[in-house]
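Below is a structure I'd like to ask you about.
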Amino acid sequence: MKRLRTLVGIGVGLAVVAVGGWYIATNSGKSATAARQGGGGRFGAGGAPTTVGLATVAKGDIPIIIKALGTVTPLANVTVKTQITGQLQVVNFTEGQAVKKGDLLAQVDPRPYDVALQQAVGTIEKDKATLANAKTDLARYQKLVSQESIARQQLDTQASLVNQLEATVLTDQAGVDSAKLNLTYTRIVAPTDGRIGLRLVDAGNYVTIGDATGICTITLMQPMSVLFTVPEDSLPSVRKRIKDGATLDVTALDRAQKNTLGTGKLSSTDNQVDTTTGTVKMRAMFDNPDEALFPNQFVNVKLLVDTVKDATVVPVAAIQRGQPGIYVYVVQPDETVKIQVVEIGVTDGEKYAVTKGLNVGDQVVIDGVDRLRDGAKIRKPGAPAGRQNGGGQNGGGTNGAGKPAAGAAARPPATSESLSGTNAPQTGEAPAPTSATQQGEQRRGNGQRRANGGAGQPATSNQ
């Protein structure tokens, strides 16, 4: 009896395994069939259209722009220093103050220089008096010589003395002027317009001519210049425009190229090419009314060399490069794409000028080109999705409406009778299984009951 139970268990297990394998194989076959009927590969295999982004070929202007890196460079950056020696009495400026040329910045103690001026004035007055006396004697000697009362040698000596005293007066006058100048230097004034930086010395300090730091720095903020470099290959087009008398616009942007700091004009170019970098330095001038351009600031520069008018333009994303050369995908009336070889001209970084191969009004693909090939079907943006064959959501072999796919064999709906191979259950009987898995479980239960001599009954021996 024990051996019989073992054999029955093995048989039931094999039956369950066989039914499970059949079920898996059946469902795998349905999935593969659905994938073959409705699945689309990378290039739209099976005729499935690919959704793409489109752009229309149009007429437009393309600016020819040279992009470069530049540094904001002020036209004047002055370190204010004292021109005399003395104690700094007063500082009349505040840090960051905007000043005009000639504004008083600081005051050095003027008293020693005022005294020196008075001494110089006294000296010159003394020498002027001596000169006047010498001139009077000279006139007297001239009269006496004419009367032959004195020797002519005495007259000549007196004339030389007069000339000597005149030179002494001139020297004294220079001393007076020097003393006045030193007195003027006690007032330290702004040498140029601009904005003052941080204060470098405080009142009360003893300043000298040899001080390296100075008192403050003044930077001219308006106008402001930007120095930048362009490749030597771009120099001919720039020089041609300058030679024609054109004024080239220059735009300065911040480091992220999101904000415009100012718009100016190209003012000058360097007179030689830097052989180490192969570039040429250029200077652009900006009015800088809001002082957005700050000295030594890094900026991105856009130099507008020229503008191509009324060109046939397409977005940069439409241009492809490959085995055919330079080409685009052109949309056909039957909603397929065709590879069209084109010739391109200048670009501004966002669009290309197409010189040959496209007409105004043509539609080109700008998004999804990696999933296309010549003749591939496409779906335009915003178009409703068409019905897809196979692999529908309502079961394999049906379309989106739940109907059998075209060309698929019609099958009757599965019922409990067709699945189990038995008639419908009678009243009071257990319902028939509705799947292969349930059939296997029921067979296993029947085998166990037979092995136990019937469900709910004690086992009896066969004698």
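Every number here is computed from the coordinates shown, using simple stated rules; none is lab data. Please read all numbers here as calculations on a predicted model, not as lab measurements. Neighbour counts run over all protein chains shown; Cβ positions are idealised from the backbone, glycine included.
Using the Cα gyration tensor of the range 117-245, with a ≥ b ≥ c the square roots of its eigenvalues, what is the shape: rounded (a/c below 1.5), prolate (a/b larger than b/c) or oblate (neither)? Please report the intermediate quantities before stating the final value.
On the way: a/c = 5.84, a/b = 2.23, b/c = 2.61.
Oblate.
Ok, one more. How would you order 182-191, 59-68 from highest to lowest mean count of nearby Cβ atoms within 10 Å? Could the numbers behind the result be given before it?
Values: 182-191: 17.9, 59-68: 16.3.
The peptides rank, most packed first, as 182-191, 59-68.
Under a straight-distance cross-link criterion of Cα-Cα below 25 Å, which lysines are reachable from residue 281, leaving out those fewer than 8 residues away in the same chain?
Those lysines meeting the cut-off are 67, 240, 243, 258, 265, 302.
The range 253-356: which trypsin sites (Lys or Arg not before Pro) are DSSP loop and have at most 16 other beta-carbon atoms within 10 angstrom?
Working: sites: 255, 258, 265, 281, 283, 302, 309, 321, 338, 351, 356; in loops: 255, 258.
Those that pass, being in a loop and sparsely packed, are 255, 258.
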